[in-house]
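The values are calculated or read from the model by the stated rules, or taken from the named source; none is laboratory data. Given the structure is predicted, the values throughout are model-derived calculations rather than measurements. Don't worry about glycine lacking a Cβ; one is built from the backbone with ideal geometry, like all the others, and counts go over all protein chains shown. Side chains are part of the model used for accessible areas, which takes the heavy atoms of the whole protein and leaves out ligands, DNA and RNA. Shrake-Rupley method; radii C 1.70, N 1.55, O 1.52, S 1.80 Å.
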Amino acid sequence: MTTDFGDILGRIQKIFGSLLLGLPNLAFGILTFLVFWGLSWVLGRIVRAITARAGQPKGVQVVLARLITWVVLALGILVAFTVVFPTITPASLFSALVVGGVAIGFAF
């Protein structure tokens with residue numbers, strides 16, 4: 001019985017080749033997410049300072065700052081996904097979120 005490893009090696013080479021081609025997208029996606037992370041931190045600080053200057057209670061300051069932070073982070077994740085996986089469009093991501101939200105809403 002003879003075993004031909006040519007097909008297996010060809011597939012492994014194709015997998016590693018596509019992995020190497022995807023590394024720049026992955027690096028740029030991580031960089032994009034880190035930019036959004038920093039932006040969310042800065043915007044959270046700004047919102048907290050504005051609400052403190054407006055005389056809002058500490059709890060309101062924290063809630064609004066965290067809300068802004070999480071919204072910007074969620075947007076950053078969506079943008080990073082579209083960078084890493086070019087076949088995914090923002091419209092498909094939003095439609096998946098809407099369908100998931102409706103399904104969860106009906107479940108509970």
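Accessible surface for I104 stands near 100 Å², nearest 10, in the context of the full protein assembly shown (1.4 Å probe). Within the listed set A96, A52, A65, the Gaussian network model of the chain (springs between alpha-carbon atoms below 10 Å) gives the highest mean-square fluctuation for A96. Extending 7 Å from Cα along the Cβ direction at V98 and again at L26 yields two label points whose distance is 3.3 nm. Dividing the summed -39500 (n - 2.57) terms of all DSSP H runs of n ≥ 4 by the residue count of the chain sets its mean residue ellipticity at 222 nm at -31000 deg cm²/dmol.
Each part reduced to its alpha carbon centroid, region 1-56 and region 59-108 end up 16 Å apart. Classify region 7-108 as rounded, prolate or oblate, taking a ≥ b ≥ c as the square roots of the eigenvalues of its Cα gyration tensor: rounded when a/c is under 1.5, otherwise prolate if a/b is larger than b/c and oblate if not. The shape class here is oblate.
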